[in-house]
Structures are given as structure tokens and as C-alpha cells.
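So the structure is just underneath, and the comments pick up after that.
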Amino acid sequence: MKKIAACLWFENQAEEAAKFYTSVIKNSKMGNITHYSDEVAKASGGQAGSVMTVSFELNGYDFLGLNGGPQFKFTEAVSFMLKCDTQEEIDYLWEKLSEGGEKSVCGWLKDKFGLSWQVIHADFDKMMTGKDPEKEERAMNAVMQMKKLDIKKIRDAYDGK
């Protein structure tokens, strides 16, 4: 097996979503776009000539957007974690991805297509799964008070400041 890729089911916005994501996330690009043929459209309920799939890459990870109709919706049961190097990167991605969507707590948001993202710092995992339960608890308590994550406040809590 070479690698794992994600397939995202959209009602009919796969191309719009792929263009949005590749414009927001660095080192990303659009790939191939396929259209429903008459035969496939008849069998699947799609519209002949409309976009069926869009391949795209987000910072080295492969995605396929599928315009499959209204049967399935995104839920918070699946989210994509964006591990950022700086607070500026967190701020940028948080604002861009949440435009037209919904900001939640603990670094979670839904974009305008309903897809859930976690915008976190690259060191977040280390602080939350280290070997000092007291530090982890202080950091988690700080995170629980936030919507967009503030890495300085989380580090200060972790360090007991």
C-alpha cells in the first residue's frame, strides 16, 4: 500500500470546495476533474456533463471530492487536524476556514461546506500526551476555555505560569 487518501462526499460543491481548500492551505494544488457521462449519470442519479469528482492535494495529502448527491452529510465524527507551526498560521487558517461556517471550541470549526477541522499547534499532542498529568490537565483546562487556540496561553498553563 502506498498511502491513504480521503474521499469527501459533497452534494454538488466538490470543485468549489477543492478550489477553496487549495487556495487557503499552503503547498496545495488542484488535480483532475471528471464529469458524469450519460451512462454513469443514469445509474447514479447524477447529471450528465456535471462534475463528478475532483482530485486535489493539501500539503502533500491526496483528496478526492465526489459530487454524490444529498444522501450523506459531514459530521464532527471525522475532522482534519491542521498542525500549525506558529500562532499566525493558526490565526490565518482559523479565520479563512471558518468564513461562512461555524466556529466551535477547543480549536474546532466547520467550514462553509460543513467539513470539520481542528486548527492546532504542532506541539499540541506533546502537551496533551506527555508524562506529567498535572501539566496536561492545566493545558487542557486552558484549551477548554478557548475557541481559536492561543498557543502562548496554553504553554503558560502547561508550564504553570
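The values are calculated or read from the model by the stated rules, or taken from the named source; none is laboratory data. This one's a predicted model, so the numbers in the text were calculated from it and none came from an experiment. Positions of Cβ are backbone-derived with ideal geometry, glycine not excepted, and every protein chain shown enters the neighbour counts. These accessible areas exclude ligands, DNA and RNA; they are computed on the full protein's heavy atoms, side chains included. Shrake-Rupley method; radii C 1.70, N 1.55, O 1.52, S 1.80 Å.
The table for this structure:
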| quantity | calculated |
| --- | --- |
| Equivalent ellipsoid dimensions for the chain as semi-axes, Å, which come from the Cα gyration tensor, largest first | 36, 15, 14 |
| Computed magnitude of the charge dipole of the stretch 1-92 (debye, nearest 20; Cβ of K, R +1, Cβ of D, E -1) | 280 |
| Cut-off of 10 Å, at most 13 other beta carbons, DSSP loop: longest stretch of the chain lacking such GluC sites (Glu not before Pro) | 1-75 |
| Calculated log₁₀ intensity ratio I(q)/I(0) where the Debye formula runs over C-alpha points of the stretch 1-85, q = 0.23 Å⁻¹ | -1.16 |
| Calculated FRET value between Glu11 and Lys83, using beta carbons and R₀ = 41 Å, to 0.05 | 0.90 |
| Translational diffusion of the stretch 74-161, µm² s⁻¹ [Kirkwood Rh, Cα pairs; Stokes-Einstein; 37 °C; 0.692 mPa s] | 250 |
| Aspartates and glutamates whose Cα lies under 18 Å from that of Lys29, excluding same-chain neighbours fewer than 8 positions away | Glu15, Glu16, Glu57, Asp62 |
| Partner aspartates and glutamates for Lys110 [C-alpha distance under 14 Å; skip if fewer than 8 residues away on the same chain] | Glu76, Glu95, Glu99, Glu102 |
| 29 Å Cα-Cα threshold exceeded, pairs from Lys42/Lys103; Lys103/Lys135; Lys26/Lys126; Lys103/Lys153 | Lys42/Lys103 |
| DSSP beta bridge pairing in the stretch 25-161, given as percent antiparallel to the nearest 5 | 75 |
| With every protein chain in place, the stretch 1-147: carbon and sulfur % of accessible area (1.4 Å) | 52 |
| Accessible area in square angstrom per residue, the chain, 1.4 angstrom probe | 61 |
| Part-to-part distance (alpha-carbon centres) for the stretch 83-106 and the stretch 2-80, which is given in Å | 22 |
| Trypsin sites (Lys or Arg not before Pro) lying in DSSP loop within the stretch 40-94, provided at most 15 other Cβ fall within 10 Å | Lys73 |
